[in-house]
Structure formats: structure tokens, C-alpha cells
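Submitted below is the structure of interest, expressed as C-alpha cells.
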Amino acid sequence: MKRILSLLLTAALFAMACTDGFAKENKNAATYQTHETSAKDAPVVYFTRDISSAGMLKVYNALGWTASGKTGVKISTGEPPASNYLRPALLKDTVQKVKGTIVECNTAYGGSRASNAMHRQVVKDHGFLEIADFDLLDEDGSMLIPVEGAKRLKNGDYVGSHFKNYNSYLVISHFKGHAMAGFGGAIKNLSIGFGSGQSVAESGKVYIHSGGTRVKGSIWGDQIPFLEAMAEAAKGVCAYMQGGKNIAFINVLNRLSIDCDCDGNPHEPDMHDIGILSSLDPLAIDQAAIDLVYSAKDSGSLINRIESRQGLHTLDYAAEIKLGNRNYRLVEIK
């Protein structure tokens, strides 16, 4: 049954992808306005074109941020059999630099990571246990963290109950497209990523996907409430971590498929890799990633996916609720 659910999900996501047209050429570059600025008070986003373990460690070190106490490294462990999750070899040096425990939550759509035992097997199969310990944050249920001034998530944000056991988090996100959100980066990893799965009584993932209308059942809901709920959940996580002081972000722009790492059979990328970003501001790093995608000559398919799902609204709303700063200074590390 679980295998059937996984296949059905893959088929549904593929069907949605087929409606995008897969235009390779970027028609939007001439009119798109980036948010890069030279203003000294803007948050810095560090950038390297070196997509390697050494390159990731360089942009992490550039932050000047020190993980304190017990540190969780939030990644996507990747849906089998063939998703584009970030490989352990790329993560190893940075994860071990912060003495981190890799953390994740179960899914809300079925698949191979919907239950504790299955998810742990995937983590082992994908090689993550070879570089760090692993903690399934929602293995023992959910906890509720506040989201100040929320329009969608009025109850708060349901995250895995082990979330509270960590003093700091490094959020490492594979930036790519997504069949529902348009794109996934730091904001999605903060919200859906930390949200508890369908296996617990109150699923944070369902609560976000439904725009704050239910905690169990289908992940399908109205698009704008879903996108806004993601931004609110991300704000709740950052606020819980000492107003964002105990959390840092890395986005990896490689294998830029229109599909998420939750898709076990994603569409093959048809654009070039870009690089790795780091920042202490979750909105700035996602905006910088979007700007780099829009400036790439071969990013038409990914841009079409983002815009067909109204994905840029997530950034608009994140700026409105002051999740972070949309304008940023890009500092390239050679």
C-alpha cells in the first residue's frame, strides 16, 4: 500500500509538471528586477560557484556565525529512488564543523519516509549515518510554537517535539522547483521541513498546506493561504531560535529540477548548476537564489514552474510579515 501511495504521488506530481510546458529559454530576464543592493545595512548573502564540500565550508565560515550547544542540521533526506537530495559527501565537512546532528520530520503524503522505521531506513540507505547522528524530530509527536500576529496559523506552528532539544540550527536547503510551492529553499525547509508529519495526531505539514484549516487529512488546499502559511511557520521557527540569532542558512543551487526532493522520480534538470549561498537571513538567501535563477539564461523551465504556482508570493508575504529582509548584498567568495 505504501509503495502504491508513493507511485500515485509521483504520477500526480509528474502530471502537474507536464502542464508547465518546460520552456528552456528564460524570457523574463530582460524585465526582472533583482533585489541585490549596495546598501551597507542590507544583510549579506555569501556566494560561491564552487559546489563542493570545500565550497560549502567556505561560505559557512564566511558567516562568522558559531553554532552554540547542541546543533541540529536540517536537511531533506530525499525520497527514493532517484531524488536530487544533497549527497552526504557534499555536506560532510560543514555538518562535522558544527558537530551537528542531522534532523528531519516524516512526510505527510505517504512515500518511503512516512513512518519512523521507513524514514530511518532511507536515512541509512542514503548514507547520512556515515557522516553524523540522525534525529527524527517528530518521532514522539508534535509541539506547538507560537507565530506572532499570524493570519493563517492562528494556533501556532506544529513542529516535531524534539525541536526543543536543540540550541541552534543550521538549515541546509537544496534550492529547486516544487510541484506545489513553485520553489523550495530556506523558507520551505523552515516551515514544511520542520513541520511534523502525517504519522502524528496534529500534523504541522497538513496545517501549513491547508493554510491553517486542519491538522489531519489531505495536503491539498488553496494556494495563497498555503504560501502564506509557509512564511508564517518560518517566522515562528526563527523567532523561537532567539529571534533568529541561533539559526543560519545555506542554499545549494545544483541539480535545479522543477521538482522537489520529495519526488522520487523528478524531472531531469535542464539548466546549469549555479553555486552555494549562505546567510543569516532566510528571506534574503531565498531572494538571492531566485534572483540568480532569473538571471540564468537557461532557467525558463524553473521560472515557469515558480510562476505557475505563484511562488514569488511567498517572498512578498515573508517581507510583509518581516520574516527577514528582501534586499541583500551579494558577496562572492572566489
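The values are calculated or read from the model by the stated rules, or taken from the named source; none is laboratory data. Owing to the predicted nature of the structure, the values given are computational and were not obtained by experimental measurement. Cβ placement follows ideal geometry from the backbone for every residue including glycine, while neighbour counts extend to all protein chains displayed. Calculation scope for accessible area: heavy atoms of the full protein, side chains included, ligands and nucleic acids excluded. Shrake-Rupley method; radii C 1.70, N 1.55, O 1.52, S 1.80 Å.
Which members of the stretch 88-116 meet the condition of being closer than 20 Å to Lys58 by Cβ, buried (at least 18 other Cβ atoms within 10 Å of the Cβ) and of a type outside the set (Ser, Thr, Tyr)?
Correct list: Pro88, Leu90, Leu91, Lys92, Val95, Val98, Gly100.
Any idea how many residues of the stretch 127-150 are open to solvent by less than 30 Å² (accessible area, probe 1.4 Å), assigned to a loop (DSSP other than H, G, I, E, B) and within 25 Å of Gly111 (Cα to Cα)?
6
Just one of (1) touching a Ser or Thr at 6+ places or on another chain (Cβ under 9 Å); (2) assigned to a helix (DSSP H, G or I) trips up Asp263, so point out which.
That leaves (2) as the condition not met.
Gln198 - would you say it is within 22 Å of Pro282 (Cβ to Cβ), surrounded by fewer than 24 Cβ atoms within 10 Å (Cβ to Cβ), in contact (Cβ under 8 Å) with a residue 12 or more places away in the chain and not hydrophobic (A, V, I, L, M, F, W, C)?
No; evaluated as a whole, the condition is false for this residue.
May I ask you to verify whether Leu277 is modelled with pLDDT of 95 or more, farther than 23 Å from Glu79 by Cα and outside any helix (DSSP H, G or I)?
Yes.
While we're looking at this one, here's another question. Only one of Ser52, Ser38 is under 16 Å from Ser278 (Cβ atoms) and modelled with pLDDT of 55 or more. Can you tell me which?
After ruling out the rest, the residue left standing is Ser52.
Here is a further query. Would you call Ile250 within 18 Å of the chain's Cα centre (by Cα), outside any helix (DSSP H, G or I) and over 15 Å from Phe175 (Cα atoms)?
For Ile250, the condition - within 18 Å of the chain's Cα centre (by Cα), outside any helix (DSSP H, G or I) and over 15 Å from Phe175 (Cα atoms) - is not met.
Residue-by-condition table, conditions (1) of a type in the set (S, T, N, Q); (2) in contact with a Leu (Cβ under 8 Å, 6 or more places away or on another chain); (3) open to solvent by 10 Å² or more (accessible area, probe 1.4 Å); (4) at negative phi:
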position	(1), (2), (3), (4)
Val206	no, no, no, yes
Gly212	no, yes, yes, no
Gln223	yes, no, yes, yes
Gln242	yes, no, yes, no
Lys245	no, no, yes, yes
Leu280	no, yes, yes, yes
Tyr294	no, no, no, yes
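In the stretch 301-316, how many are touching a residue at least 40 places away in the same chain (Cβ under 8 Å), surrounded by fewer than 21 Cβ atoms within 10 Å (Cβ to Cβ) and assigned to a helix (DSSP H, G or I)?
Total satisfying the criteria: 4.
Exactly one condition in (1) touching a helix residue (DSSP H, G or I) at 6+ places or on another chain (Cβ under 9 Å); (2) within 16 Å of Met271 (Cβ to Cβ) is not met by Asp298; state its number.
Result: Asp298 passes all but (1).
Right, here's the next one. Can you tell me which residues in the stretch 318-334 are outside any strand (DSSP E or B) and open to solvent by 10 Å² or more (accessible area, probe 1.4 Å)?
Result: Ala319, Glu320, Ile321, Lys322, Leu323, Gly324, Asn325, Arg326, Asn327, Ile333, Lys334.
Quick grid of which residues meet (1) among the small types (Gly, Ala, Ser); (2) assigned to a loop (DSSP other than H, G, I, E, B):
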site	(1), (2)
Arg152	no, yes
Met180	no, yes
Ile208	no, no
Ala231	yes, no
Lys235	no, no
Asp259	no, yes
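Is there a residue in the stretch 185-194 that is open to solvent by less than 10 Å² (accessible area, probe 1.4 Å), closer than 23 Å to Val95 by Cβ, assigned to a loop (DSSP other than H, G, I, E, B) and of a type in the set (Gly, Ala, Ser)?
The answer is yes, given that some residue of the stretch 185-194 is open to solvent by less than 10 Å² (accessible area, probe 1.4 Å), closer than 23 Å to Val95 by Cβ, assigned to a loop (DSSP other than H, G, I, E, B) and of a type in the set (Gly, Ala, Ser).
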